[in-house]
Amino acid sequence: MTTLQQQARALGDPTRHAIFRRIAEADGPVGVAELTEHFSFNHNAIRQHLAKLLSAGLVVETRAAGTGRGRPRLLYEVDPSSEGAWGTTGPYERLSRLLVEVIRTGQSPEEVGRRAADELRRATPSGDLLADITAAMARQGFDPEVQATDHGADVILHTCPFESSALTDRSTVCAIHLGLAEGLLADSGGTVEELVAKDPRRAGCVLRISLDDARPAPSRHGKLTIKGRSARA
């Protein structure tokens with residue numbers, strides 16, 4: 001487990017700190033080539049700095065979807081566990097923006113969540129919708145785990161990044177989560193059937209997804225269930 005001291009040492013190098021800030025401020029995952037071009041360093045120097053950021057738990061590494069021969073390129077983004085620290089945007093700042101949007105537009109939390117999903121999609125989708133939605137949920141700090149079912153999958157959310165707010169108003173916060181998931185799966189061949197929201201202090205909420213080759217109807221939305229009761233028929 002990394003410590004704040006380890007992260008501080010990793011960011012003590014001015015170039016490495018600049019690379020971290022570039023990744024944190026990007027609209028999506030950043031590749032080595034983009035960083036090399038921006039900082040005018042060679043690939044090996046950039047990779048060495050990225051390795052330090054990885055070992056300090058400041059960034060995470062994923063592989064882009066393959067587009068032909070050769071190994072897929074590596075992509076980097078801020079580790080969800082470090083969001084809100086070192087000048088990055090944390091989960092509560094994102095939630096506050098969504099809640100302001102609910103008030104400003106008068107739309108439901110679920111509608112605002114669906115629209116916000118555009119900002120969370122992978123810049124280069126892998127073609128595996130379950131992998132893409134779990135990657136998006138992981139970036140938000142939900143610590144997802146996929147469990148296959150007869151008609152699709154259950155995505156177990158082991159962490160609630162908005163725990164204290166969810167304890168105050170679970171219907172609103174969980175409806176935003178449901179909308180985000182619906183937006184991420186829009187026109188993908190997958191449909192959110194239900195979000196079973198459990199005690200946010202223990203998490204373990206279940207996102208039930210059905211998979212179908214046919215495009216889901218745009219008017220079909222999932223059900224939000226809180227503590228065994230349905231929040232919408």
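The values are calculated or read from the model by the stated rules, or taken from the named source; none is laboratory data. Just so it is clear, the structure is predicted and the values come from calculations on it, not from any experiment. So basically every Cβ, Gly included, is an ideal-geometry build from the backbone, and we count neighbours across all protein chains shown. Note: accessible area is taken over every heavy atom of the protein model, side chains too, but ligands, DNA and RNA are not part of it. Shrake-Rupley method; radii C 1.70, N 1.55, O 1.52, S 1.80 Å.
Structure summary
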| item | result |
| --- | --- |
| Segment Arg115-Ser96, extension gain: residue separation times 0.36 nm, minus the distance between their alpha carbons | 5.3 nm |
| Solvent accessible area, Å² - Phe41, 1.4 Å probe, full protein context | 80 |
| Net charge, Thr168 excluded, C-beta distance under 14 Å - Lys, Arg +1, Asp, Glu -1 | -1 |
| Rounded percent of accessible protein surface that carbon and sulfur make up, segment 4-80, 1.4 Å probe | 46 |
| Whole-number accessible area per residue in Å² for segment 90-183, which is evaluated in the context of all protein chains at 1.4 Å | 47 |
| Inter-part distance where segment 32-47 and segment 130-196 are each reduced to a Cα centre, Å | 34 |
